[in-house]
Amino acid sequence: MSRPPSFTPPPGARVYSLRTARGEFAAVDAAVAAGVEPRGVALMLPGFTGSKEDFNPLHERLAARGYRTVAVDGRGQYESDGPVDDESAYAQEKLARDVLAQVAALDHHGPVHLVGHSLGGQIARAAVLLDHSPFRSLTLMASGPAQISSSQQQRVKLLRDALAVMTLAEVWEAIQAMEPQPPEETDAGGLDDGLGDQEDLRRRWLGNKPAQLLATGRQLCVEPDRVAELAAVPLPFHVLSGARDDTWPVTLLDEMALRLRAHRTVVQGAEHSPNTDRPAETARAFADFWDRADDERRRHADR
């Protein structure tokens, strides 16, 4: 059976296991387009119940702007292995150290741009707070300053309760029974929006390790506000979101951007997943920000 475009890597992209000092991580690695001058490298972290494929619509567009992009599944997420029952393996600091190991393992010299979507943004933030030196910039996409909204906390609690008594396959069937419409027609405001083919979505869901879902779901519900810590880090920041978001209110993201003195992008017509809702606009915003950050860095180096 052919796979939908969202799950099919772009032409020329490599799909492989990135070997690091902390284990192997499934990756989609898209090189700079032929004939385009390389500008840099970006590492991209997906959100809760998401995967590296969520960034597939961006790779070719960013390659045309001179950026190599590497999207990874986190530990215990989809095609990256991890413990089934040991939640301690998914403590946020451990996931952040995984990110530092991933950067170190890339075949690239120099710092990279870091992008985190939703949960991935909070893991990216934790990695930068541990060691900002491997990074050129940090982009937080639809990822807020602290815990998720009350309505989304309720969704996570329902999932945790279900996983306590049901298998992943049983939870999937229960979710589908409650869905009034196919995923591609539903509201895009929730935690696990994006790709729309049922069989691929089911395969991705079943690839997750239950302990990872439990641990990271709990993190989303209790994450403290670390914006002041992050603002003290000497990196350029970018806060990007859709015009509507049920996971963190857009006004809260606006305020976070001000506190970080960050570049702010609101993608019109997008919700919690601008990367799949409006990929052309999202890719353009990423590349424009990276271009400016690199140009500013060079100007300072020349002084």
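General observations
- Filtered residue count, the stretch 52-73, keeping only those that are under 16 Å from residue 210 (Cβ atoms) and surrounded by fewer than 21 Cβ atoms within 10 Å (Cβ to Cβ): 0
- Being under 28 Å from residue 214 (Cβ atoms), in contact with a strand residue (DSSP E or B) (Cβ under 7 Å, 6 or more places away or on another chain), assigned to a loop (DSSP other than H, G, I, E, B) and of a type outside the set (Lys, Arg) is a property that does not hold for residue 76.
- Taking (1) over 30 Å from residue 160 (Cα atoms); (2) assigned to a helix (DSSP H, G or I); (3) more than 17 Å from the chain's Cα centre (by Cα); (4) modelled with pLDDT of 95 or more in turn, residue 297 satisfies each apart from (4).
- Residue within the stretch 108-126 that is over 21 Å from the mean Cα position of the chain (by Cα) and farther than 21 Å from residue 220 by Cα present: yes
- Filter result (of a type in the set (A, V, I, L, M) and surrounded by 15 or more Cβ atoms within 10 Å (Cβ to Cβ)) within the stretch 234-251: 235, 239, 240, 250
- Hits in the stretch 1-41 (condition: part of a loop (DSSP other than H, G, I, E, B) and at pLDDT 95 or above): 13, 21, 22, 31, 32, 33, 34, 35, 36, 37, 38, 39
- Selection within the stretch 29-40 - surrounded by fewer than 24 Cβ atoms within 10 Å (Cβ to Cβ) and either in contact (Cβ under 8 Å) with a residue 24 or more places away in the chain or of a type in the set (Ser, Thr, Tyr) (or both): 29, 31, 32, 33, 36, 37, 38, 39, 40
- Selection from the stretch 78-102 of residues that are surrounded by fewer than 21 Cβ atoms within 10 Å (Cβ to Cβ) and among the aliphatic types (A, V, I, L, M): 84, 89, 91, 96, 100, 101
- Residue match in the stretch 256-279 (condition: surrounded by fewer than 18 Cβ atoms within 10 Å (Cβ to Cβ), part of a helix (DSSP H, G or I), acidic (Asp, Glu) and out of contact with any Cys (no Cβ under 8 Å at 6 or more places or on another chain)): no
- Residues in the stretch 133-183 that are without any contact (Cβ under 8 Å) to a residue 40 or more places away in the chain and either among the polar types (S, T, N, Q) or not in a helix (DSSP H, G or I) (or both): 133, 134, 150, 154, 166, 167, 176, 179, 180, 181, 182.
- Subset of the stretch 79-109 (residues that are part of a loop (DSSP other than H, G, I, E, B), touching a residue at least 24 places away in the same chain (Cβ under 8 Å) and of a type outside the set (S, T, N, Q)): 79, 81, 82, 83, 84, 85, 86, 91, 106, 108
- Any chance residue 222 is touching a His at 6+ places or on another chain (Cβ under 9 Å) and modelled with pLDDT of 95 or more: no
- Condition check for residue 116: of a type outside the set (Val, Ile, Thr), part of a helix (DSSP H, G or I) and more than 16 Å from residue 215 (Cβ to Cβ): no
- Of all the listed residues (257, 243, 228), the sole one being within 29 Å of residue 87 (Cα to Cα) and without any contact (Cβ under 8 Å) to a residue 40 or more places away in the chain is 228.
The values are calculated or read from the model by the stated rules, or taken from the named source; none is laboratory data. Note that the coordinates shown come from a computational prediction; the quantities given were computed from them, not determined experimentally. All Cβ positions, glycine included, derive from the backbone under ideal geometry; neighbour counts span all protein chains shown.
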